[in-house]
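Take a look at the structure below.
Every number in this text was worked out from the coordinates using simple rules, so none of it is lab data. Remember, predicted model here, so these are calculated numbers, not experimental data. Neighbour counts run over all protein chains shown; Cβ positions are idealised from the backbone, glycine included.
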Amino acid sequence: MNTFSGTRANPIRVAIIGSGPSAFYTAEFLLSNPDAVVEVDMFERLPTPFGLVRGGVAPDHPKIKTVTRAFERTAQHERFRFFGNVTFGHDLIYPDIAARYHAVVYAVGAQTDRQLGIPGEDLLNSHAATEFVAWYNGHPDFRDLAFDLSQERVAVIGNGNVAVDVARILARTPDELRQTDITDHALEALAGSRVREILVLGRRGPAQAKFTSAELKELGSLADADVVINPAELELDPLSAEYLRSGESKTAARNYAILQGLSRAGQNGKRRRIVLRFLVSPVELLGSDRVEAVRVVKNEICERGHFMSPCPTEDYETIPVGLVFRSIGYHGVPLPGVPFDDQQGIIPNKRGRVINEHGERMRGEYAVGWIKRGPVGIIGSNKPDAQETVEMLLRDMAFHQHFCPANPAREAIDRLLRQRGIHYTTYEDWRVLDQLEIERGLAVGRPRRKFTRVEDMLSALEAVHHAPVL
């Protein structure tokens, strides 16, 4: 049995699978622990780090991306290493990790979308909003998708921040988009877009919508898009009115005030319109081979077990649209050899400790972030979540509830990857790519031009590493 004491001579070795915010917060807490020496190796299947900060945050929200500065500090720690272009379940499998580390933390997020579960959902021109977001952000898996932007009327189903992001990007002018790091292929496609009206269809009422106030307010400042809200849809039912009066949610009160202001502002003859609808749920997408309309049922707010819920009425409406983006939430994807709860879309766990279908703890395995708790919260929500998982992990270490690796030497994983011919990238490689992207952007007056194919990233690195020294 391999023992350790968490000292420099015999450190705790932890593998983190994934490189988004929850992964970096986990690494930060592990590396800053004053009571034991921990070494962290982070594995990411793309050559680049940061997960949804790079591939999910809207390109016109650069301030949100500055969170990576804190991740940079973590990455510079002497006991941290990044292994990009390494896929767990393919390049590395569970036994490889258990043989070389004392623990593994799964920080893979929620990588796909939830389904509506209605007829017509699979028609052409019906897309997951997550795919559209990944496409315009340059995620290599989605770079070659195509969206029919010749349609004049689009429906975005959902009333959370991703739905607003999609609507806003569709409504931006080419000049607005050129000031961002949106990818070249998306900029070109959106510059030729014929979209004129974007309907945002939410099943909840205006008092229950899940937008953040800043995202909602931003819709009113678009260069060439009006926001349209029917004042009748802002009339509150008694339950919603009481909810706002109670002061229980300051965000809900702020959002409602913003919605009222947007409604009063009316239309100013701008080229595009964003129409916010409330209390409507899609029940069917209609069309012979592609989307031609969405049929919705009108809802009313009712009380279900002390919660306000949208309840369907007998009133239906058919809305002609040519393109649909489904934005009703993310969903986790199972990892090979790791327990998974299909219904919730998470790795089953208790406070971050992974459990199997019998409720038994899986020694040495932990979860963090959206794959732990589901796709809720903002980037900062991952910090206390990571702290909890790290506390459980270190507590288990103290009681020897960990993997017993046969080969815990730091160089063991490098040797294995080289033996398998896996071309992994380091954090220094990422810094090279980062600088190249910025330089490519400056050359055309933009903040950044992203590499959107893995082979292009690896080729660029190869060229830099083999360039002659002058």
Rounded if a/c under 1.5, otherwise prolate or oblate - the chain, Cα gyration tensor axes: prolate
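Given R₀ = 30 Å, what would the calculated FRET efficiency be for residue 122 paired with residue 144, taking r from the Cβ atoms and rounding to 0.05? Working shown, then result.
Working: r = 20 Å, r/R0 = 0.66.
My answer for the efficiency is 0.95.
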Candidate lysines for bridging to residue 383, where Cα separation is under 24 Å - those fewer than 8 sequence places away on the same chain excluded: 63, 65, 210, 250, 350, 372
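Please compute one quarter of the surface area of the Cα convex hull for the range 348-470 and express it in square nanometres. Could the numbers behind the result be given before it?
Values: hull surface 50.1 nm².
If I average the Cα hull's projected area over directions, I get 12.5 nm².
Convex hull over the alpha-carbon atoms of the range 112-330: what's its volume per residue in Å³?
125 Å³
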Vicinal HN-Hα couplings computed from phi for the range 255-263 (Karplus, 6.51 cos²θ - 1.76 cosθ + 1.60; Hz; Gly/Pro x): 4, 5, 5, 5, 4, 4, x, 5, 5
Inter-part distance where the range 339-409 and the range 82-98 are each reduced to a Cα centre, Å: 17 Å
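With the Cα gyration tensor of the range 295-362 giving a ≥ b ≥ c as the square roots of its eigenvalues, does the rule (a/c under 1.5 for rounded; else a/b larger than b/c for prolate; else oblate) give rounded, prolate or oblate?
Numbers: a/c = 4.50, a/b = 1.91, b/c = 2.36.
Note, shape of the range 295-362 comes out oblate.
Restricting to the chain, what percent of DSSP beta bridges are antiparallel, rounded to 5?
Working: 25 of 66 bridges.
The antiparallel proportion sits near 40 percent.
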Loop trypsin sites (Lys or Arg not before Pro), the range 179-230 (other Cβ atoms within 10 Å of the site Cβ: 12 or fewer; DSSP): 194
Over the chain: helical MRE at 222 nm, DSSP H runs n ≥ 4 each giving -39500 (n - 2.57), nearest 500: -9000 deg cm²/dmol
Other-chain or far-sequence residues with amide H under 5 Å of residue 87's (modelled H): 92
Those Cys residues of the chain for which no other cysteine Cβ falls under 4.7 Å: 404
Proxy reagent accessibility, fewest Cβ within 10 Å first, across 185, 306, 402, 465: 306, 465, 185, 402
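Suppose the chain between residue 444 and residue 267 were pulled fully straight at 0.36 nm per residue; how much longer would it get relative to their current alpha carbon spacing? Don't skip to the end; give the middle numbers.
On the way: separation 177, 0.36 × 177 = 63.72 nm, distance 3.46 nm.
Length difference between fully extended and current span is 60.3 nm.
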Label point distance in nm, residue 10-residue 73, each placed 7 Å from Cα along Cα→Cβ: 3.3 nm
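Any chance you could run the full-extension gain for residue 361 through residue 235? It's 0.36 nm times the residue separation minus the Cα-Cα distance, nm to one decimal. Let's see the in-between values first.
Numbers: separation 126, 0.36 × 126 = 45.36 nm, distance 4.97 nm.
Difference between extended and current length: 40.4 nm.
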Against the rule of thumb 2.2 N^0.38 Å, how large the Cα Rg of the range 119-225 comes out: 1.06
Helix axis angle, 427-442 relative to the chain longest principal axis, alpha carbon, degrees: 40 degrees
